[in-house]
Amino acid sequence: MLIGICDNEEKCLHDEEHFIHKVLDEMKIEHKIICYADPIDMIESGEKYDIVFLDVEMEGMSGIEAAERIHGLRSSTLIFFVTNYEGYMDEALNKHAFRFWIKPINRQRLIYGIESALKELNSANSVLSVTVDKRLMRIPMKDIIYINAQNKITAVVTVDGVYDVKEAYKNVLSRLNGGYFFPSHASYCVNLNFVVKYTKNEVICSDGSKKYTVFMSRRKYNEFAAKFVQWAGENI
């Protein structure tokens, strides 16, 4: 597991590295940790992180902006925000936060967060097998932005394009797994990893280079919002 930590406060950076390393050793998880004081250095490193721990308030580039850039480079990277300021929570949750914690990191919360991250990373290797133009395709679940019912066709919208699957929407929906898919409407199901904003009328998704608007039904809004908050890890 490759982990990146970014905090422009030297003591916090050192303490977090030592603490996370100790807990992962106790959990017997093989890992490598790379630390940065500047989020730009982290982004430009080209490393493909499994997990990134980000401070929110940093000079030059905020952790919120850094998270969006990191997620745009690799959508499967899980973002853990660690900050002194609870007031950033709402904005962070709209920037691909897997967890949002107030400093210092709680040991039990870290263990639970790492266990949840491992499940998420393992599920990211799952694929959706469908037939498109009489050809069997295996689409990585993590690359699916949303699916949409269109008469007798199910549109599977991915980071690589749109695939029209001649199969009932409910059948395709039943095969989505990973814990990060949730319906926003009777005809739409979205991958929460790509959600950047939602209202009572729509969900905005982004793969870093392009934005997508998905319908939100008022009947689904409260349930969707609760699921998103739970998924993002609002409990601090």
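Values computed for the structure shown
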| read-out | value |
| --- | --- |
| Looking only at segment 158-168, and only at residues there that are open to solvent by 10 Å² or more (accessible area, probe 1.4 Å) and over 24 Å from the mean Cα position of the chain (by Cα), the one that is nearest to D207 (Cα to Cα) | D164 |
| Given (1) among the hydrophobic types (A, V, I, L, M, F, W, C); (2) crowded, with 19+ Cβ neighbours inside 10 Å; (3) at pLDDT 95 or above, number of the condition A155 does not satisfy | (2) |
| Of the criteria (1) in a strand (DSSP E or B); (2) in contact (Cβ under 8 Å) with a residue 60 or more places away in the chain, which one A149 fails | (2) |
| Segment 174-212 - residue that is among the small types (G, A, S) and modelled with pLDDT of 95 or more and, of those, nearest to the chain's Cα centre (by Cα) | S184 |
| Candidates G46, G4 - the one that is among the small types (G, A, S), out of contact with any Ser or Thr (no Cβ under 6 Å at 6 or more places or on another chain), in contact (Cβ under 8 Å) with a residue 12 or more places away in the chain and not in a helix (DSSP H, G or I) | G4 |
| Test result for F53, assigned to a strand (DSSP E or B), open to solvent by less than 70 Å² (accessible area, probe 1.4 Å), hydrophobic (A, V, I, L, M, F, W, C) and in contact (Cβ under 8 Å) with a residue 40 or more places away in the chain | yes |
| Considering residues of segment 119-147 that are crowded, with 19+ Cβ neighbours inside 10 Å and farther than 25 Å from D50 by Cβ only, the residue modelled with the highest pLDDT | I147 |
| Output for segment 38-85, where each listed residue is basic (K, R) and out of contact with any Lys or Arg (no Cβ under 9 Å at 6 or more places or on another chain) | R69 |
| Which listed residue, of E234, E167, is at pLDDT 90 or above, in a loop (DSSP other than H, G, I, E, B) and of a type outside the set (A, V, I, L, M) | E167 |
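The values are calculated or read from the model by the stated rules, or taken from the named source; none is laboratory data. Since this is a predicted model, take the numbers as computed values, not measurements. Here the Cβ is made from the backbone with ideal geometry for all residues, glycine too, and neighbour counts use every protein chain on show. Just the protein is used for accessible areas: all its heavy atoms, side chains included, with ligands, DNA and RNA removed. Shrake-Rupley method; radii C 1.70, N 1.55, O 1.52, S 1.80 Å.
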